[in-house]
1. Restricting attention to the stretch 127-152, which residues are surrounded by fewer than 21 Cβ atoms within 10 Å (Cβ to Cβ) and in contact (Cβ under 8 Å) with a residue 40 or more places away in the chain?
2. Taking the criterion of being touching a residue at least 60 places away in the same chain (Cβ under 8 Å) and assigned to a helix (DSSP H, G or I), would at least one residue in the stretch 189-201 satisfy it?
3. Specify which of the listed residues (A225, A205, A231) is without any contact (Cβ under 8 Å) to a residue 60 or more places away in the chain, in a helix (DSSP H, G or I) and surrounded by fewer than 19 Cβ atoms within 10 Å (Cβ to Cβ).
4. Output the number of residues of the stretch 16-36 satisfying the condition of being of a type in the set (S, T, N, Q) and closer than 17 Å to A61 by Cα.
5. Taking S166, is it out of contact with any helix residue (DSSP H, G or I) (no Cβ under 6 Å at 6 or more places or on another chain), over 22 Å from T2 (Cα atoms), touching a residue at least 60 places away in the same chain (Cβ under 8 Å) and hydroxyl-bearing (S, T, Y)?
6. Working only within the stretch 234-284, note down all residues that are among the charged types (D, E, K, R), more than 30 Å from T152 (Cβ to Cβ) and either out of contact with any Phe, Trp or Tyr (no Cβ under 9 Å at 6 or more places or on another chain) or free of Cβ contacts under 8 Å to residues at least 24 places away in the same chain (or both).
7. Suppose we filter S75, S111, S71 for residues that are buried (at least 18 other Cβ atoms within 10 Å of the Cβ), under 17 Å from the mean Cα position of the chain (by Cα), polar (S, T, N, Q) and more than 20 Å from V176 (Cβ to Cβ); which single one remains?
Amino acid sequence: MTILVLGATGNTGSLVVAGLKQKGATFRALVRNEAKAQQLGLSDEQTAIGDFDNLDNLEQAMKGVERVYLSMPVSPHNQRWVENVIAAAKASGVAHIVKLSGMHASKDAGSEVIRTHALTDELLKTSGLAYTLIQPNSFYQNLYGALPTIQTNGEFYLPLADAAQSVVDIRDVADVVVASLTEEGHAGQTYVLTGPEALSFDEQAARISALANKPVNYVAVPREAAEQAMAGAGMDAWLAAALAEIMAWFGTGRYTEVTGDVEKVLGRAPRHFDDFAGEFVKAI
């Protein structure tokens, strides 16, 4: 069985590539250029060059492929890209797509990113292809994005108010993806992935402070301030607005549910936030 990884240089995609290597699976990854392939340590046989806009590239990459992992960067083009992937999969004889989505994906969510997840999940579910939907909460590792301000002044700034989230370790998400790609019994399943508890960002900061033996504080900021800060740092205006919007949506307190899906798939409990925090403080 041959697997194709789409979004292979992304946050989950690179971990999925590593997991498939560890399992000795036969796979290839779609990358934009050879430099990207070199970053992943891929051989020529494991590499396909192309992008989500080019149907011919996608079909060529899918030749002889049975299962596909579909993850893509946040973009206003996500719906069209998923449509292209589904069309190429059908043309190439792909049997099963494992798609990264988002927790509580719904068409009436207060976030364009989450609404698009819901729309594209539905496209896949109605495509006639076998599917597995991976719907994680936010990742512990997102805190690395706040590392510069934590290092300089011991604070991080997010538009999440005082809401708690059942955040999850990205490595658990990648492990569930790898299992879904390499094992039987996952077709037609939707896995909602969370950590073992819901924590506010004040609580996360307190645990990091205790392990770092120095104060680290969470500062809640308005959505507009977060958007301006990201745009001011050079981020594309659409992306800055979309990320500020989704963080503010998480800040409404709708993402506290704790599920058992990580353990259901992997046969072990999800990693604890404190385990991540012990690694994170080494970078402070």
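Every number here is computed from the coordinates shown, using simple stated rules; none is lab data. What you see is a predicted model; the values in this text were computed from it and never measured. We place every Cβ from the backbone using ideal geometry, glycine too, and count neighbours over all the protein chains shown.
1. Result: S127, L129, A130, F139, Q141, Y144, L147, Q151.
2. no
3. A231
4. Residues meeting the conditions: 2.
5. yes
6. Residues satisfying the conditions are R254, E257, E263, R268.
7. Exactly one of S75, S111, S71 is buried (at least 18 other Cβ atoms within 10 Å of the Cβ), under 17 Å from the mean Cα position of the chain (by Cα), polar (S, T, N, Q) and more than 20 Å from V176 (Cβ to Cβ), namely S111.
So that you can scan it fast, the table gives a plain yes or no per residue for (1) in contact (Cβ under 8 Å) with a residue 24 or more places away in the chain; (2) out of contact with any Leu (no Cβ under 9 Å at 6 or more places or on another chain); (3) of a type outside the set (F, W, Y):
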| site | (1), (2), (3) |
| --- | --- |
| V82 | yes, no, yes |
| I86 | yes, no, yes |
| A91 | yes, no, yes |
| H96 | yes, no, yes |
| L100 | yes, no, yes |
| H104 | yes, yes, yes |
| R115 | no, yes, yes |
